[in-house]
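Undergrad: One structure, pasted below without further comment.
The values are calculated or read from the model by the stated rules, or taken from the named source; none is laboratory data. Quick caveat: nothing in here was measured; it's all calculated off a predicted structure. Note that each Cβ is placed from the backbone with ideal geometry, even for glycine, and that neighbours are counted across all protein chains shown. Surface accessibility is based on the protein's heavy atoms, side chains included, excluding ligands, DNA and RNA. Shrake-Rupley method; radii C 1.70, N 1.55, O 1.52, S 1.80 Å.
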Amino acid sequence: MPFEIVSKHVGEEVVVLLPKVLGDERGFFMETFRADQFRELGLPTEWVQDNHSRSAKGVLRGLHFQWEPPMSKLMRVTNGAAFLVAVDIRKGSPTLGQWFGAEVSAENKKQVYAPYGFARGFCALTDGCEVQYKVTGLYNSKAESGIYYADPALGIEWPLKDVQVSEKDGKAQTLAQWLDSPLSENIKY
């Protein structure tokens, strides 16, 4: 069951994938990951943790990233719809500060891969929105941070304006503050 790369963004590093879906009146079946095919597409094949979140419409989570261990993400929506975002935060990158966003839903079954060095987040577009994602690094609270989702320098065009964020995400640093921090030396191009 081959995966199709639908598009590539931000220096061709953020990838939108579409799995082959077999379906009939009974329902559907699809593979969401397959090491041999991911390897052929140049994508990671060693995932160490699966995460699953559920959010009400208008909840915005992110923009999160981690430097130790390095963490890439493969994100998909299994219930409802969300706007998934990835922002290049790598010091010295030719695409620094560029972002990509896509509406991903249980219906369209797209997946978004964002590599290490990108801050990721999403906005739930429906109630009961469930986002599942694989990561290449185990979570480490001592080596993670975030970028303010509404940083005007980024200009992310979130589809909902009235959003709910955690206290932590609402107080996150701007990209400029991140780049001025000595910690940004941990994520270089």
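Undergrad: In this structure, is VAL85 open to solvent by less than 30 Å² (accessible area, probe 1.4 Å), in a strand (DSSP E or B) and farther than 15 Å from ASP151 by Cβ? If you could, list the steps in order and put the result at the bottom.
TA: Details: open to solvent by less than 30 Å² (accessible area, probe 1.4 Å): yes; in a strand (DSSP E or B): yes; farther than 15 Å from ASP151 by Cβ: no.
Against the criterion (open to solvent by less than 30 Å² (accessible area, probe 1.4 Å), in a strand (DSSP E or B) and farther than 15 Å from ASP151 by Cβ), VAL85 does not qualify.
Undergrad: Does segment 138-151 include one or more residues that are within 30 Å of GLY23 (Cα to Cα) and of a type in the set (D, E, K, R)?
TA: Of all residues in segment 138-151, those within 30 Å of GLY23 (Cα to Cα) come to none.
Scanning segment 138-151, I find no residue that is within 30 Å of GLY23 (Cα to Cα) and of a type in the set (D, E, K, R), so the answer is no.
Undergrad: Among the residues of segment 88-100, what is the count of those that are open to solvent by less than 10 Å² (accessible area, probe 1.4 Å) and either assigned to a strand (DSSP E or B) or under 15 Å from TYR133 (Cα atoms) (or both)?
TA: Residues meeting the conditions: 1.
Undergrad: Taking segment 133-172 only, how many residues are aromatic (Phe, Trp, Tyr) and under 18 Å from LEU96 (Cα atoms)? First the steps, then the outcome.
TA: Pass one, segment 133-172, residues aromatic (Phe, Trp, Tyr): 133, 139, 148-149, 158.
Of the ones still in play, those that are also under 18 Å from LEU96 (Cα atoms) are 148-149.
The number of residues fulfilling the criteria is 2.
Undergrad: Can you name the strands (runs of 3 or more DSSP E) wholly within segment 1-63 that have at least 1 residues being free of Cβ contacts under 8 Å to residues at least 60 places away in the same chain and β-branched (Val, Ile, Thr)?
TA: On the way: elements: 3-9, 14-19, 21-24, 27-30, 49-55.
It comes to 3-9.
Undergrad: Given the condition touching an Asp or Glu at 6+ places or on another chain (Cβ under 9 Å), open to solvent by 30 Å² or more (accessible area, probe 1.4 Å) and not basic (Lys, Arg), answer yes or no: does some residue in segment 107-124 qualify?
TA: no
Undergrad: Hey, another quick one. Take SER72 and tell me if it is over 16 Å from the mean Cα position of the chain (by Cα) and either within 25 Å of LEU179 (Cα to Cα) or without any contact (Cβ under 8 Å) to a residue 60 or more places away in the chain (or both). Give the derivation first.
TA: Values: over 16 Å from the mean Cα position of the chain (by Cα): no; either within 25 Å of LEU179 (Cα to Cα) or without any contact (Cβ under 8 Å) to a residue 60 or more places away in the chain (or both): yes.
So SER72 fails the test.
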